[in-house]
Amino acid sequence: MDGVLADFNKLRESMGLTGDEIKKLPGTFRLMDPVPGAIDAVRSLIGMGHDVWVATKAPTGIAFAYADKVTWILSHLPELKRKIVITHDKSLLIGDVLVDDRPDRANASHFSGRLIVFGGDVGWPEVLKLIRGETKQNNREGT
């Protein structure tokens, strides 16, 4: 979620705090702006018929972060209110595609489907192009 849907770095920079400091402050996950293009991209994927879920890792031992992350999703993407997974091990997820900004965390690099690493040169326009291309290819193959 944070780093892909919610702009963690923008909030961290505006507050002048480290990532660890941000995670320990109640309410900060709720304060994050959406990553540019994220909300429209998710809604576009839903509109194309994809079964979109949010998978996120909450900071270990910080109970309020779980609620803050869910509150953010309910506020920005209420259509996903029953499609939220909070896990410390993203390799347990089952699906076709995982978009993650830190594949070295939460075992995302061991996700069994296709991993799209978000960040750098890969933003939401690129993610949509990759997924659309995959969909077209699958349709040609009759799957």
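Listed here are the residues, each with its yes/no results for (1) exposed (fewer than 15 other Cβ atoms within 10 Å of the Cβ); (2) modelled with pLDDT under 95; (3) among the charged types (D, E, K, R).
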site	(1), (2), (3)
E13	yes, no, yes
L17	no, no, no
T28	no, yes, no
M32	no, no, no
S44	no, no, no
H50	no, no, no
T56	no, no, no
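Is at least one residue of region 124-134 closer than 30 Å to P26 by Cβ and either surrounded by fewer than 16 Cβ atoms within 10 Å (Cβ to Cβ) or in contact with a strand residue (DSSP E or B) (Cβ under 7 Å, 6 or more places away or on another chain) (or both)? No, there is no match, as no residue in region 124-134 is closer than 30 Å to P26 by Cβ and either surrounded by fewer than 16 Cβ atoms within 10 Å (Cβ to Cβ) or in contact with a strand residue (DSSP E or B) (Cβ under 7 Å, 6 or more places away or on another chain) (or both). Filtering region 43-69 to residues that are in contact with a Ser or Thr (Cβ under 9 Å, 6 or more places away or on another chain), assigned to a helix (DSSP H, G or I) and hydrophobic (A, V, I, L, M, F, W, C) leaves only A65. Of the strands (runs of 3 or more DSSP E) entirely within region 82-135, none holds at least 3 residues that are closer than 20 Å to G49 by Cβ and among the β-branched types (V, I, T).
The values are calculated or read from the model by the stated rules, or taken from the named source; none is laboratory data. This is a predicted model, so every value here is computed, not measured. No Cβ is skipped: glycine too gets one built from the backbone with ideal geometry, and neighbour counts run over all protein chains shown.
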